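Below: one structure, written as structure tokens.
The values are calculated or read from the model by the stated rules, or taken from the named source; none is laboratory data. Computed from a predicted model, the values in this text were never measured in an experiment. Neighbour counts are summed over all protein chains in view; Cβ atoms, including those assigned to glycine, are modelled from backbone coordinates with ideal geometry.
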Amino acid sequence: MPVEGLPDPTIHRKCKRCGLWCHLHEGTRCWPPKTGLLTVVHVSLAQGVDNDQDMKFYCAPCQERNALDERRFRKVTVSSGITIIVLGIALPLAWWVGAFAWLERMMRSGY
Ligand SMILES: [Zn+2]
């Protein structure tokens with residue numbers, strides 16, 4: 001239940017995601033979700049040096065949404081990575097095949 005009226009910073013925390021003030025037990029401090037290249041770098045660095053200041057308060061529903069976003073981002077990253085690898089193999093292969101067809105044409109026209 002978000003806090004109604006004036007929040008008290010000693011017993012309430014503002015959720016970083018939805019911006020609502022919540023009771024302390026309704027959420028926890030955790031790392032921001034890695035949903036972009038910048039946040040991946042930023043959060044990974046902060047985790048590496050144990051920089052607690054970058055941990056933000058998120059209410060329970062927002063933590064679930066963060067987890068979903070992170071999973072979606074990871075899926076997109078993996079699929080685009082696969083696409084790049086496939087293109088990296090397919091394009092030279094197409095060029096190779098095309099180059100051979102071209103060579104063949106050249107040799108035929110030579111006769
Ligand atoms: Zn929230």
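Summary table
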item: Filtered residues of the range 15-44 (kept if surrounded by fewer than 16 Cβ atoms within 10 Å (Cβ to Cβ) and within 15 Å of the ligand (Cβ to nearest atom)); result: C18, G19, H23, L24, H25, T28, R29, C30
item: Out of R105, R65, sole residue that is among the basic types (K, R) and within 16 Å of the ligand (Cβ to nearest atom); result: R65
item: Filter result for the condition that a residue is modelled with pLDDT of 95 or more and either more than 30 Å from V3 (Cα to Cα) or of a type in the set (D, E, K, R) (or both), over E104, E64; result: E64
item: Hits in the range 30-71 (condition: part of a loop (DSSP other than H, G, I, E, B) and either over 29 Å from T10 (Cβ atoms) or under 15 Å from the mean Cα position of the chain (by Cα) (or both)); result: W31, P32, P33, K34, T35, G36
item: Flag if K75 is part of a helix (DSSP H, G or I), charged (D, E, K, R) and surrounded by 10 or more Cβ atoms within 10 Å (Cβ to Cβ); result: yes
